[in-house]
Amino acid sequence: MYSEKVMDHFQNPRNVGEIKDADGIGEVGNVRCGDIMKLYIKVGKDETIEDIKFQTFGCGAAIATSSIITELVKGKTLSEAVTISNKDVAEALDGLPPVKMHCSNLAADALRAAVEDYNKKKA
Ligand code: FES
């Protein structure tokens, strides 16, 4: 049912954990299943994402999408990072089963929430 990439990121998730002095934190819940994801970003020079970590209390697809999104945006600027859609996340994992597409929203939404939090703190 899952691609090899999904299984890899589910079994060996990258960038799991917490950034204690994060510049932005995004926390979102999935209304369809009740799963929760928290994402931390550390922003460096030129608004580049220097570090990113996540904690997910969710299904395998939520873990895999969280993991891949950290790889997709590390080193990108905030404005580049917020253009990543849930479709991009699913494509980077070589696809997700249709019933699991909503899980990929969690990662993309948490990232946007973290960037919003950073912008709010900076203002
Ligand atoms: Fe909840 Fe996948 S079933 S995020």
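The values are calculated or read from the model by the stated rules, or taken from the named source; none is laboratory data. Predicted model, so just to flag it, every value in this text is computed and none were measured. Virtual Cβ from ideal backbone geometry, glycine too; neighbours counted across all protein chains shown. With ligands, DNA and RNA removed, areas are computed over all heavy atoms of the protein, side chains included. Shrake-Rupley method; radii C 1.70, N 1.55, O 1.52, S 1.80 Å.
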For the stretch 27-104, what value does the Rg/Rh ratio take when both radii are computed over Cα atoms and Rh is the Kirkwood radius, given to two decimals? 0.97
Which of the peptides 69-78, 40-49, 103-112, 26-35 is most tightly packed, and how do the rest follow, going by the mean number of other Cβ atoms within 10 Å of each residue? 103-112, 69-78, 40-49, 26-35
Approximate spin-label separation ASP46-GLU18, in nm, with each point projected 7 Å along Cα-to-Cβ: 3.3
Mean-square fluctuation maximum in Gaussian network of the chain, Cα pairs under 10 Å, restricted to THR56, THR65, THR83, hits THR83
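Accessible area per residue for the chain in Å², computed with a 1.4 Å probe and the full protein assembly in place, what is it?
Numbers: 6250 Å² over 123 residues.
On a per-residue basis, the chain sits at 51 Å².
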At 1.4 Å probe size, with the rest of the protein present, what percent of the exposed accessible area of the stretch 1-43 is carbon and sulfur atoms? 49
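Quick one: if the Förster radius is 22 Å, what FRET efficiency do ASP94 and GLN55 give, using the C-beta to C-beta distance and rounding to 0.05? Before the final figure, lay out the partial values.
Values: r = 25 Å, r/R0 = 1.12.
Calculated value: 0.35.
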Put +1 on the Cβ of each Lys and Arg and -1 on the Cβ of each Asp and Glu in the stretch 6-123; which of SER66, MET7, GLN55 then has its Cα farthest toward the positive end of the dipole? GLN55
